[in-house]
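Visitor: This structure is in structure tokens; I'll ask about it shortly.
The values are calculated or read from the model by the stated rules, or taken from the named source; none is laboratory data. In this text, all values refer to a predicted model and were calculated from it rather than measured experimentally. Quick reminder, even Gly has a Cβ in these numbers, built from the backbone with ideal geometry, and neighbours come from all protein chains shown. We work out accessible area using only protein heavy atoms, side chains counted, and drop any ligands, DNA or RNA first. Shrake-Rupley method; radii C 1.70, N 1.55, O 1.52, S 1.80 Å.
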Amino acid sequence: MKPKETKLSVGDWVEVRSKGEILRTLDHKGEFDGMPFMPEMFEFCGKKLRIYKRAHKTCDTVFPVRGRRVDHSVHLETRCDGSAHDGCQAGCLIFWKEAWLKPVSENSQVAIPRSEAQSVSPVALSSSLECTEVNVVARARTRGPVSGEPSYACQATQLPYATSDLNWWDVRQYVEDYRSGNVGLWQIIGGATYFLYYAISRAGIGLGRPMRWFYDKFHPLWGGTPFPRKTGLIPEGQATPAEMLNLQPGELVRIKSHDEILKTLNTASRNRGLYWDAEEVPHCGSTHQVLRRVNKIINERTGKMQEMKTPCIVLDSVVCQSRYSECRLFCPRSIYAYWREIWLERVDPSPAVQPLQQDEQAVTRG
């Protein structure tokens, strides 16, 4: 039995159901409608939290990147700490099925009585074998029968199987973006205008270069960014530069200008294997605190842990807003942007800046 959709919106308060209630919604693989409940989520049971975004759609980064529809789900102000996945540092925003939540009365943060909450979002009991906490933990990390190499399963690796097709031209998703509070009306208008402009610039009728020049020249008039789809200047195959600032959590840094960063990228928009995405352009020139250094993440396509030869930097609250991604416009997943240290500078510079000389490394995240 599927729960009745309650149309929770940004800013609404909910209470995460108890561990026992949630386990009764899961199948023997620890999933509900294909979406895994991860061990890291147990710590939030019984807590009252605010809706960050309505997760009615998302981006699938397992197969060729695309937009996907998600049913009866929201994002709370919660991220995975990787504790059950050998310390993966991706910090992904967690998906919460409405069956795992109870609405909370407006402004009071007091839970609605159980009978009323269930009438809004009833718990769907599993029709298969009852799931236990052991099942949930075991599903997160397994070992190959021959190699013994660990393999990981999480919401990110399973996302294609917990979602359905969503075409970018399906206008209903943008109506839902607005009605849920995910995106403001001006953002939707701006996104539509950008993609119309971008499509004309790529139409092969000789307008590409002058349109990009016009965009760069006059973007301050509408409060926008420089044209975000520029590529780097270094020929592909040549080494790209790097610096080691040894940035630590809590330090204040400024993101360099777009033009400065383009000088560190090859024509495939990569620096030492890390892809520079158009979604990072709006943050150029802004100042933020370092959240952490990222040394390892789970590769969502393989389920294997990927070690980084050179750590990337994650900045506090600097996430993908999906403003320029045509197949996943306004995706609410809010993936952290990864930064090379050469793209950053200390607000209070340290004299110790060490150039890196090692070979190109193939670490990608885009």
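Visitor: For the chain, what is the accessible area per residue in Å², given a 1.4 Å probe and the full set of protein chains? Please list the in-between numbers first.
Guide: Details: 17570 Å² over 366 residues.
Here the per-residue accessible area is 48 Å².
Visitor: What's the FRET efficiency of LEU233 with PHE42 using the Cβ-Cβ distance as r and R₀ = 56 Å, to the nearest 0.05? Write out the running numbers ahead of the final one.
Guide: Numbers: r = 48 Å, r/R0 = 0.86.
Efficiency, rounded to the nearest 0.05: 0.70.
Visitor: Next question. Return the long-range amide H neighbours of LEU274 (sequence gap of 5 or more, or a different chain), with a cut-off of under 5 Å between placed amide H atoms.
Guide: Amide H neighbours of LEU274: VAL363.
Visitor: Taking the Cα centre of each part, how many Å lie between segment 237-279 and segment 151-214?
Guide: For segment 237-279 versus segment 151-214, the Cα centre distance is 25 Å.
Visitor: On to the next question. To make sure I understand the rule: partners must be aspartates and glutamates, Cα under 15 Å from the Cα of LYS309, and not fewer than 8 residues away in the same chain. Which ones qualify?
Guide: Cα-Cα hits under 15 Å: GLU243, GLU341, ASP359, GLU360.
Visitor: Only sites in a loop by DSSP and with at most 13 other Cβ atoms within 10 Å count here; which GluC sites (Glu not before Pro) in segment 205-286 make the cut?
Guide: Working: sites: GLU236, GLU243, GLU251, GLU260, GLU279, GLU280; in loops: GLU236, GLU251.
Of the GluC sites (Glu not before Pro), the ones in loops of segment 205-286 whose Cβ has at most 13 other Cβ atoms within 10 Å are GLU236.
Visitor: OK, next. Express the relative contact order of the chain as a whole percentage, based on alpha carbon pairs under 8 Å and six or more residues apart in sequence.
Guide: Reported relative contact order: 19 percent.
Visitor: Here is a follow-up. Quick one, what does Rg over Rh come out to for segment 211-283 if you take C-alpha atoms and the Kirkwood Rh? Don't skip to the answer; put the middle values down first.
Guide: Values: Rg = 13.9 Å, Rh = 13.7 Å.
Rg/Rh for segment 211-283 comes to 1.02.
Visitor: Among PRO39, PRO249, PRO311, determine the one that fluctuates most according to a GNM of the chain built with springs between C-alpha atoms less than 10 Å apart.
Guide: Among PRO39, PRO249, PRO311, the largest mean-square fluctuation in the Gaussian network model of the chain belongs to PRO249.
Visitor: 222 nm [θ] for the chain, helices only, -39500 (n - 2.57) per DSSP H run of 4+, per residue, to 500? Intermediate values should be presented prior to the final figure.
Guide: Details: 7 runs with 62 residues, N = 366.
One gets -4500 deg cm²/dmol as the mean residue ellipticity at 222 nm.
Visitor: Hey, another quick one. Could you please state how large a percent of the accessible area of segment 138-190 is carbon and sulfur, counting protein chains only and using a 1.4 Å probe? Don't jump to the answer; show the numbers that get you there.
Guide: Details: 1890 of 3200 Å².
The nonpolar share, carbon plus sulfur, comes to 59 percent.
Visitor: Still on this structure, I have one more. Setting aside same-chain residues fewer than 8 positions from LYS230, which aspartates and glutamates have a Cα under 13 Å from its Cα?
Guide: Of all the aspartates and glutamates, those that pass the test against LYS230 - Cα under 13 Å, at least 8 places apart if same chain - are ASP216, ASP259, GLU260, ASP277, GLU279, GLU280.
Visitor: Can you tell me the alpha carbon radius of gyration of the chain divided by the globular rule-of-thumb value 2.2 N^0.38 Å?
Guide: Details: Rg = 21.9 Å, N = 366, 2.2 N^0.38 = 20.7 Å.
My calculation over the Cα atoms of the chain gives 1.06.
Visitor: Over all pairs of distinct alpha carbons, what does the Kirkwood formula give as the hydrodynamic radius of segment 1-98, in Å?
Guide: Here the Kirkwood hydrodynamic radius works out to 14.3 Å.
Visitor: Same structure, new question: Work out, step by step, the length gained on full extension between TYR197 and THR287: first 0.36 nm times the residue separation, then minus their alpha carbon distance; give nm to one decimal.
Guide: Numbers: separation 90, 0.36 × 90 = 32.40 nm, distance 2.94 nm.
The span from TYR197 to THR287 would gain 29.5 nm if fully extended.
Visitor: Moving on. Using a probe of 1.4 angstrom, how much of the accessible area of segment 5-66 is carbon and sulfur, in percent?
Guide: Working: 1170 of 2220 Å².
Roughly 53 percent of what the probe reaches on segment 5-66 is carbon or sulfur.
Visitor: List the lysines whose Cα lies under 24 Å from the Cα of LYS57, skipping any in the same chain that are fewer than 8 positions away.
Guide: By straight Cα distance, LYS57 reaches LYS2, LYS4, LYS7, LYS29, LYS48, LYS97, LYS102.
Visitor: What are the ³J(HN,Hα) values, in whole Hz, obtained from phi via the Karplus relation 6.51 cos²θ - 1.76 cosθ + 1.60 with θ = phi - 60°, for each residue of segment 25-32 in sequence order, with x given for Gly and Pro?
Guide: Per-residue couplings from phi come out as 8, 9, 7, 5, 8, x, 10, 10 Hz.
Visitor: What is the ratio of the Cα radius of gyration of segment 159-259 to 2.2 N^0.38 Å, where N is its residue count, to two decimals?
Guide: Details: Rg = 18.9 Å, N = 101, 2.2 N^0.38 = 12.7 Å.
Output field value: 1.49.
Visitor: Using a basic spin-label model with each label point 7 Å from the Cα along Cα→Cβ, how many nm lie between ARG346 and MET244?
Guide: The answer from the label model is 1.5 nm.
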